[in-house]
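The values are calculated or read from the model by the stated rules, or taken from the named source; none is laboratory data. All values derive from a computational prediction rather than experimental measurement. Cβ atoms come from the backbone with ideal geometry, glycine included; neighbour counts cover every protein chain shown. Quick note on the areas: whole protein, heavy atoms, side chains included, nothing else; ligands and nucleic acids left out. Shrake-Rupley method; radii C 1.70, N 1.55, O 1.52, S 1.80 Å.
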Amino acid sequence: MAGVASHLLPLDGFALTQTAAQRYGKEKLLARSVRPPDFETPVVLLDSYITPLEHFYVRSHLPVPAPLDAAAWTLKVGGEVNSPVSLSLDEIKKLPAVTVTMTLECAGNGRAFFEPSVAGIQWEKGAVGTARFTGARMADVLKRVGVKTTARNIEMHAADRPLGTMPAFVRQVPMAKAMHPDTLLAYDMNGQPIPPVHGFPLRAIVPGWEGAYSIKWLTTLNVLDKDSDSFWVATGYRYPTKRVAPGAAVDAKDMAPLVGLAVKSLITKPTAGAAFPAGKVAVGGFAWAGENDITKVDVSIDNGATWQAARLTGEQARYSWRRFEYEFAAGKPESVLILSRATDSRGNIQPAVSQWNPSGYLWNQYDSVRVEIKGA
Ligand SMILES: Nc1nc2c(c(=O)[nH]1)N[C@H]1C(S)=C(S)[C@@H](COP(=O)(O)O)O[C@H]1N2
Ligand SMILES: [Mo]
């Protein structure tokens, strides 16, 4: 080691991961990528209705921007509008404040389970969480600038900068969703200023739609009379319009942009592999369906042969997951597979088998947790 300064030695993988996690206060999460930061929440930490900030998953395509100065930051609003403006954070905070409780889920949550496997972050079950977002209505800002009748989409730009030849993370939201009173320009998350890694000082909140619509570090709303030609709008976040064979190549004309989210449930207790004495076993979890409400969650403890309705409990809010609870009596030592299956207000039922697709989006088959019942 002579002559090698210790501070120049490469950190090992674990140390690197810990350093990145500490920087963002995400020590308890699973690092799927360190640069840019992609952190997944272990299912055991998703057992509360509101996900605490330190447990909330992180998905970033590009490095987190250098700390943004809220006093110098502005939101530029232009394009197909009568009077373009630059708004300060204070001006946005003077608009009526709205709080929306929302389940935010990455479209790629569950990608790791697709067969054949699909390129991208290998999320298992925890690229999802629920938070209370407070901000101004996007509609109030758009009304203020006078959107022209030619407007079709709002293009959103952010402060995170691409590495090398990577495209910037630019997305669009159609006018109708942008003008919806629940679509926000949010500055608070769970009652605190949005943390840097979640988009400080301002992020879009497009409730009930896959997470990539909710642009972090928002800098610009550009009103368009057409579709954005940015990479992530033109080619990203697409899903086949028909069922395809696993592994098949899908023609661009048979792909459409993702909107909404799939009906889905997640068992948060017990955890996989837990062991119990014979007796009562409590099952709990959450179910969500984007813009739709959850009307039913069924549980099976016999490999899906029979199903029983779980109780829907706790807070009920549009765009937010719903708690379900179930209890069963374990009589003898055996291995039990607990399955959950949600139904939404439009009659969509969680499938037994997720539809494979080229980008590995919207994994939503029955959730399953295996537990072991030991002797009394
Ligand atoms: N500017 C910007 N906004 C972004 C992203 C990004 O990489 N850059 N990632 C998107 C994706 S894919 C998701 S799933 C959510 C994740 O939000 P979170 O990191 O606050 O959980 O942010 C979205 N907003
Ligand atoms: Mo995402």
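Where residues in segment 203-218 are in contact with a Leu (Cβ under 6 Å, 6 or more places away or on another chain) and of a type in the set (A, V, I, L, M, F, W, C), which of them is farthest from ligand 2 (Cβ to nearest atom)?
It comes out as 218.
For residues in segment 224-240 being open to solvent by less than 30 Å² (accessible area, probe 1.4 Å) and aliphatic (A, V, I, L, M), which is farthest from residue 73 (Cα to Cα)?
Among residues in segment 224-240 that are open to solvent by less than 30 Å² (accessible area, probe 1.4 Å) and aliphatic (A, V, I, L, M), the one farthest from residue 73 (Cα to Cα) is 233.
Keeping to segment 53-92, report how many residues are within 26 Å of residue 128 (Cβ to Cβ), modelled with pLDDT of 95 or more and open to solvent by 40 Å² or more (accessible area, probe 1.4 Å).
2
Tell me which residues, restricted to segment 295-304, are in a loop (DSSP other than H, G, I, E, B) and open to solvent by 30 Å² or more (accessible area, probe 1.4 Å).
Of everything in segment 295-304, those that are in a loop (DSSP other than H, G, I, E, B) and open to solvent by 30 Å² or more (accessible area, probe 1.4 Å) turn out to be 301, 302, 303.
Test each condition in (1) surrounded by fewer than 21 Cβ atoms within 10 Å (Cβ to Cβ); (2) aliphatic (A, V, I, L, M); (3) more than 14 Å from ligand 1 (Cβ to nearest atom) for residue 170 and report the one that comes out false.
Result: residue 170 fails condition (3) only.
Can you name every residue in segment 93-117 that is within 30 Å of residue 240 (Cβ to Cβ), open to solvent by less than 40 Å² (accessible area, probe 1.4 Å) and more than 16 Å from ligand 1 (Cβ to nearest atom)?
Listed by number, the list holds a single entry, 114.
Using beta carbons and a limit of 9 Å, which pairs, at least six apart or on different chains, have the first residue in segment 249-274 and part of a helix (DSSP H, G or I) and the second one open to solvent by 60 Å² or more (accessible area, probe 1.4 Å)?
252/235; 253/241; 254/241; 254/242
When the residues of segment 119-138 are narrowed to those that are more than 13 Å from ligand 1 (Cβ to nearest atom), of a type in the set (A, V, I, L, M, F, W, C) and buried (at least 20 other Cβ atoms within 10 Å of the Cβ), which ends up farthest from residue 56 (Cα to Cα)?
138
Only one of 122, 172 is modelled with pLDDT of 95 or more and under 21 Å from residue 228 (Cα atoms); which?
Selected residue: 172, the only one of 122, 172 that is modelled with pLDDT of 95 or more and under 21 Å from residue 228 (Cα atoms).
For residue 20, only one of the following conditions fails: (1) in contact with a Lys or Arg (Cβ under 8 Å, 6 or more places away or on another chain); (2) assigned to a loop (DSSP other than H, G, I, E, B); (3) open to solvent by less than 40 Å² (accessible area, probe 1.4 Å). What is its number?
In the conditions (1) in contact with a Lys or Arg (Cβ under 8 Å, 6 or more places away or on another chain); (2) assigned to a loop (DSSP other than H, G, I, E, B); (3) open to solvent by less than 40 Å² (accessible area, probe 1.4 Å), residue 20 misses (2) alone.
Does residue 221 meet the test of being more than 16 Å from ligand 2 (Cβ to nearest atom) and open to solvent by less than 20 Å² (accessible area, probe 1.4 Å)?
Yes; evaluated as a whole, the condition is true for this residue.
If we scan segment 183-202, do we find a residue that is open to solvent by 10 Å² or more (accessible area, probe 1.4 Å), within 14 Å of ligand 2 (Cβ to nearest atom) and of a type outside the set (A, V, I, L, M, F, W, C)?
Within segment 183-202, not a single residue is open to solvent by 10 Å² or more (accessible area, probe 1.4 Å), within 14 Å of ligand 2 (Cβ to nearest atom) and of a type outside the set (A, V, I, L, M, F, W, C).
Out of 250, 233, which single residue is over 20 Å from the mean Cα position of the chain (by Cα) and at negative phi?
Being over 20 Å from the mean Cα position of the chain (by Cα) and at negative phi holds for just one of 250, 233, which is 250.
Residues that are surrounded by 13 or more Cβ atoms within 10 Å (Cβ to Cβ): which strands (runs of 3 or more DSSP E) entirely in segment 305-376 hold 3 or more of them?
322-330, 334-344, 367-374
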